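Laboratory data are not the source of any read-out in this text; all were calculated from the coordinates shown. Remember, predicted model here, so these are calculated numbers, not experimental data. Glycine also receives a Cβ, built like all others from the backbone with ideal geometry; neighbour counts cover every protein chain displayed.
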Amino acid sequence: MKQDCTISQSTADETKSFQTSENNEFPEGTHVPEPDIMTGSAIKKCSLVKNNCTSWSYLFVHNQKVKSIEEQLKKDGLTHFVHKTIRYVPRHRNRGGMREVETPSVSGLIFLQGDPKTLQDYLNKNVNSYKLCKNCSTGKVATIPCNQMEPFMRVAETEPERLRFLFRPFVYYSKNRTLLRIMTGEYAGLEGYVIRIARDRKLVMDVGGMAVALSGVHAECFEEVNKNEADKKERQLFYKRNLHERNAFIDRYFHKVKTVQEVSAQAENIEILRLQTLADVRDKKLDLKDAYNTFYFMIEEIGYYYAPFIDYFKDDLRPIFDAGRTVKEEIEKTIKIFKNSNKELHDRCETEF
């Protein structure tokens, strides 16, 4: 999976100030602060959905490549879905009028219908070895059953302004909450957790491990699916590596590699993550401590995925380790800044480094 460097890792960080002590009982829900950003109206792009589908998966590509990949998928008859947002911008700098600009709602996100292995084989042969994304709670390729994907697409087509992609993975929201199912209205059957986000009760749904919030559910009737135990096994897997918040997001961009092309793509992912972290600091979306933790985890990821093979494939993996060295340089720069601003933090980080 490749990340578009134009999208911030902090996008939709709806639980930056998450409070675990708040009321989790339905119908009040849990309040989760989130920037109240309006995205405008949106449309969907989807080829003809097959009735006999088994599941959907998804991948991230560079935002500028979405259009060409869509054309390739359409040419090859592969069923796909891209949720897009229409934004209105000035037509000319010094003239009046507005024009429509259509962009993916989540930068570079493409859903594909079919068996994960078949889809990955297709990508390896036709789309520059992009990888299907993993569900961070299981570590396996994310799959979305058709009975979940079809209502999601229906909402995206008819009322796209009700959908919001959240920063944290879906499994994060399952702890100490009750899974609910909508019983009334057009979207009866959708399941998730009712949480307050931006002063509105939203149903946070699972879309292949991602969390998507559906707004305007205050008038619907719900039934309790289960109490806290539905995703117990997934939560145990998720917390086994203690992947949470930003770490879970970053882990989506690390994969096992087998070819020179995959090594090159992984090195590019690391560099894009590094540059985006620096951009987030400049834009004050991240403080230096969060940036340090991000760089530190990137080094841990390189060790987790590739260090076991260094004795056998050192030269083959060199681009990845070279990218890692640039990340280590950022860690050193950050520690030097801490020396003048926070002596205690500096000493701890220096010891870790």
Estimated Rh, region 254-352: Kirkwood, alpha-carbon pairs, angstrom:
14.3
From the mean inverse distance of alpha carbon pairs (Kirkwood) and the Cα radius of gyration, derive Rg over Rh for region 104-205.
0.99
Just name one of Ile320, Gln276, Leu286: the one whose Cα is farthest towards the positive end of the charge dipole of region 254-352 (beta-carbon charges, Lys/Arg +1, Asp/Glu -1).
Leu286
Output the pairs from Lys65/Lys125; Lys74/Lys256; Lys67/Lys134 with a Cα-Cα distance over 21 Å in this structure; if there are none, say none.
Lys74/Lys256; Lys67/Lys134
Convex hull volume per residue in cubic angstrom - Cα atoms of region 283-341:
88
